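Here the structure is laid out as structure tokens; the discussion comes afterwards.
The values are calculated or read from the model by the stated rules, or taken from the named source; none is laboratory data. In this text, all values refer to a predicted model and were calculated from it rather than measured experimentally. As a convention, Cβ positions derive from the backbone with ideal geometry for all residues, glycine included, and neighbour counts pool all protein chains shown. Note: accessible area is taken over every heavy atom of the protein model, side chains too, but ligands, DNA and RNA are not part of it. Shrake-Rupley method; radii C 1.70, N 1.55, O 1.52, S 1.80 Å.
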Amino acid sequence: MVTVLIPSGALGLNYDKEALRRGIAAKPDIIAIDGGSTDSGPSYLGRGRSKYARSSTKVEWAGLMEARAEAGCPLVIGTAGTCGTDSAVDWMLDITLEIAAEQGRPLKIAVLRSSQDPVIVAQAYGNSNVTPLENAPEIDANRIQDCTNIVALAGAEQINKALETGADIIIAGRTTDTAIITALPLARGCHAGGAWHGAKIGECGALCATNPQSGVILVDFDTEGFTVTPLADGAHASPHTVSAHMLYENSDPFILFEPGGHLDVTQAQYTALDQTRVRVTGSQWVPSDRYTVKLEGARRVGYQSVLLTLLRDRHYVENVDTWCADILTKCRAKAEARLGLAPEDFNIELRLIGRNATLGALENRVGETVEIGVLGIVTAQTTQLVDEIGKMLNPYLLHHPLTEAEEQPTFAFPFSPAEIERGEIFEFCLNHVMTLNDPMQAFRLDVQEVRFD
Amino acid sequence: MTKLSDVVEKVRSKNAGPFWLTIDIFCGSAEAFERVARGVSTDRVAQLFKTETKALKRFDIPSLNVVKISLPRPAVQGTAADRDMHGASFAALVAEMTLN
């Protein structure tokens, strides 16, 4: 049997310390935690940066490094630093070395890197080794090489290579959410379907149980399936909470594609062992003919500034569409004339908060509006242009009258200056897989020892 | 007119990666599940999202009393046309649907 301790759904979301102590007392074979996701948008991958505060990450990681020393087992983080690029891995490694010095404990650290050279990915695309998944954007070799960062999602094979080094701590770049949990059970001969299914159920920590914010869970893997045990006070897993977790952020609740095959849980059986624990058997792992890894890529699409103005005057709230249309016409004409721009060189959007800012054209409700926030979004190819156009838009959003006859109005700016620079903006541009001859072909593994002699 | 939100426990929408949106209707009981399974056609959900029915994947799961619908995201996450990075607000559109 292999016992995996999962402190929470992501490093940075905190974990219940008492529940973590219970997990250590259960003598886990490995502690595994996820460090990232695409869910916060393309900017993190585009910039190769973490979403969470360094100080929070350090406090939580230091607690897990203590727990690892006490448990005497490896500690692994997947998708380090939100996006799992090499820069994010280096950020995590730096934090780890800082904590190691403070804790004064010798360590063996394995670092698995997932960043891809866009030139090599473009070559693989040229050789038909990069293929689209469902609803993938159109790409070509140039689009691939435009990416500021591309990562490949490592699976169980690459994590097991890192575990084979005998490292105390593994800092992995982009991996699938499940890979860090499923790797050791697979290496020790546990049931393959159970290993992947248990990893999917466990990857968000206690989200598969009641009291989902409590974080810490234990998953025991064996030759037939797995058992889930949430560890916080008042947290219970039931066949319903566990099976319902297959719905979470999955487009298909029965099938999950992973490097080297797919998981099929159509025949899975969920049994309550008691009030807290659930046992699952009958999950199937179906190996694929080709070994593929998913790619994620982000490219810079421009620079952006935003401005916010608030309309509370009834006359303006009622005529906001006319007001916005007039501003757009006048401000666009001014930007074209004074900056020598073509219409396609820039974009100004005025988004109405309090009307349909969330759903846009899909909004189907209309209600009485007390006030409207007008969010001006200025996008162009350089930071200088965005700054200039934002400054041209500013006086319109402050003072533009509906008719020339009326007294000059003044609207509410919540900030000075009203323009807020967002800097570079990015888009995801890959939803593809890359075929590998060897699972390690697209990944690099380094080991370093930290000593305090 | 009965709204979906009047009979179900919860409607959740989430990103399933940057390119897909998935909507989970937790009906809470076998009775509510039957009502939703019969009273919400895939065509009507497609119209709500201004897309084609064939673009939607639907899973009626009686063991969980859940109806799950996945579709290509109305705008790819984080693009200029996207207004909701985490996609959680699309649930409101579905929750406010009337039941046939």
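In whole Å, how far is the Cα centre of the stretch A:107-145 from that of the stretch A:1-78?
One Cα centre to the other: 27 Å.
Can you tell me the FRET efficiency between B:Glu34 and A:Asn211 if r is taken as the Cβ-Cβ distance and R0 is 22 Å, rounded to the nearest 0.05?
0.15
Convert each backbone phi in the stretch A:117-123 into a coupling constant with the Karplus relation 6.51 cos²θ - 1.76 cosθ + 1.60 (shift: θ = phi - 60°), then list the ³J(HN,Hα) values in order as whole Hz, x for Gly and Pro.
So the Karplus estimates, Gly and Pro as x, are 6, x, 5, 6, 5, 5, 5 Hz.
Which residues of the stretch A:229-257 end up with at least 30 Å² less accessible area in the presence of all protein chains than when their chain stands alone, using a 1.4 Å probe?
SASA drop of 30 Å² or more in the stretch A:229-257: A:His240, A:Leu247, A:Tyr248, A:Glu249, A:Ser251, A:Pro253, A:Phe254.
Which GluC sites (Glu not before Pro) from the stretch B:5-100 combine a DSSP loop assignment with at most 12 other Cβ atoms within 10 Å?
Sites meeting the loop and neighbour criteria: B:Glu52.
Give the Debye-formula value of log10 I(q)/I(0) at each listed q (0.15, 0.16, 0.18, 0.23 Å⁻¹), with one equal scatterer per alpha carbon of the stretch A:11-90, two decimals each.
At q = 0.15, 0.16, 0.18, 0.23 Å⁻¹ the computed log10 ratios are -0.55, -0.61, -0.74, -1.04.
In a shell of Cβ-Cβ distance under 12 Å around A:Gly423, excluding A:Gly423 itself, what net charge do Lys and Arg (+1) and Asp and Glu (-1) give?
+1
Suppose each label sits 7 Å from its Cα in the direction of the beta carbon; what would the A:Gln381-A:Gln103 distance come out to in nanometres?
The modelled label-to-label distance comes out at 5.0 nm.
List the residues of the stretch B:17-39 that lose 20 Å² or more of accessible area once all protein chains are present, compared with their chain alone (1.4 Å probe, heavy atoms only, no ligands or nucleic acids).
Residues losing area: B:Pro18, B:Phe19, B:Trp20, B:Phe26.
Summing -39500 (n - 2.57) over the DSSP H runs of n ≥ 4 in chain A and dividing by its residue number, what mean residue ellipticity at 222 nm do you reach, to the nearest 500 deg cm²/dmol?
-9500 deg cm²/dmol
Above 43 angstrom, tally the Cα pairs of the protein assembly as shown and express them as a % of all pairs, no decimals.
Value for the protein assembly as shown: 25 percent of Cα pairs lie more than 43 Å apart.
Using a 10 Å cut-off on Cβ atoms, rank the peptides A:250-259, A:199-208, A:16-25 from the highest mean neighbour count down.
A:199-208, A:250-259, A:16-25
From Cα pairs below 8 angstrom and at least 6 apart in sequence, can you work out the relative contact order of the stretch A:331-440, rounded to a whole percent?
21 percent
Note down the relative contact order for the stretch B:1-91 as a percent, whole number, built from C-alpha pairs under 8 angstrom at least six residues apart.
Answer for the stretch B:1-91 is 34 percent.
Could you give the accessible area per residue of chain A, probe 1.4 Å, as a whole number in Å²?
For chain A, the solvent-accessible area averages 42 Å² per residue.
Taking every residue in B:85-93, how many Cβ atoms of other protein chains lie within 10 Å of its Cβ, on average?
Taking all residues of B:85-93 together, the mean is 3.
In nanometres, what is the gap between the two model label sites at A:His399 and A:Ile420, each 7 Å from Cα along Cα-to-Cβ?
Here the modelled spin labels are 2.4 nm apart.
Under a straight-distance cross-link criterion of Cα-Cα below 20 Å, which lysines are reachable from A:Lys334, leaving out those fewer than 8 residues away in the same chain?
Correct list for A:Lys334: A:Lys391.
Once the other residues with Cβ under 12 Å from the Cβ of B:Ala91 are scored (Lys, Arg +1; Asp, Glu -1), what is the net sum?
Charge balance near B:Ala91 sits at 0.
Would you calculate the volume per residue, in Å³, of the smallest convex hull containing every Cα atom of the stretch A:29-144?
135 Å³
Ignoring ligands, DNA and RNA, please state the percent of accessible area on the stretch A:69-126 from carbon and sulfur, probe 1.4 Å.
52 percent
If the cut-off is 13 Å between C-alpha atoms, which aspartates and glutamates fall inside it for B:Lys3, apart from same-chain ones fewer than 8 positions away?
By straight Cα distance, B:Lys3 reaches B:Glu96.
Could you tell me the calculated FRET efficiency between A:Phe254 and A:Arg49, based on Cβ-Cβ distance and R0 = 35 angstrom, to the nearest 0.05?
According to the calculation, E is roughly 0.50.
Quick one: buried accessible area between A and B, total over both chains, 1.4 angstrom probe, nearest 100 Å²?
Interface between A and B: roughly 3100 Å².
Convex hull over the alpha-carbon atoms of the stretch A:168-316: what's its volume per residue in Å³?
Taking the convex hull of the Cα positions in the stretch A:168-316, it is 230 Å³ per residue.
I need to check one value: relative contact order of chain A, counting alpha carbon pairs closer than 8 Å and at least 6 residues apart, in percent.
After rounding, I find 19 percent.
Gap in Å between the Cα centre of the stretch B:1-57 and the Cα centre of the stretch A:262-283?
26 Å
Go through A:124-136, A:226-238, A:358-370, A:69-81 and give me the packing order, highest mean Cβ count within 10 Å leading.
A:69-81, A:226-238, A:124-136, A:358-370
Compute the helix-to-body angle for A:383-399: its Cα long axis versus the longest principal axis of chain A, expressed 0 to 90° and rounded to tens.
Result, in degrees: 60.
Enter the angle in degrees (range 0 to 90, nearest 10) between the Cα long axis of helix A:86-103 and the first principal axis of the Cα atoms of chain A, meaning the one along which they spread out most.
60 degrees
Through the Karplus equation 6.51 cos²θ - 1.76 cosθ + 1.60, θ set to phi - 60°, convert the phi angles of the stretch A:58-69 into ³J(HN,Hα) values in whole Hz; use x for Gly and Pro.
5, 4, 5, 5, 4, x, 6, 5, 4, 4, 4, 4
Can you compute 3J(HN,Hα) from phi for each residue in the stretch B:47-61, using the Karplus curve 6.51 cos²θ - 1.76 cosθ + 1.60 with θ = phi - 60°, rounded to whole Hz and x for Gly and Pro?
Karplus values, whole Hz, x for Gly and Pro: 4, 4, 9, 6, 9, 8, 4, 5, 6, 8, 10, 10, 10, 8, 10.
Just counting partner chain Cβ atoms within 10 Å, what average do the residues of peptide A:358-365 show around their Cβ?
Shielding by partners across A:358-365 averages 5.
All other residues with a Cβ under 15 Å from the Cβ of B:Arg38 taken together, and with Lys, Arg as +1 and Asp, Glu as -1, what is their net charge?
My count for the surroundings of B:Arg38 gives -1.
What FRET efficiency, computed as 1/(1 + (r/R0)^6) with R0 = 45 Å and r the Cβ-Cβ distance, is obtained for A:Asp453 and B:Lys3, rounded to the nearest 0.05?
Once rounded, the FRET efficiency stands at 0.05.
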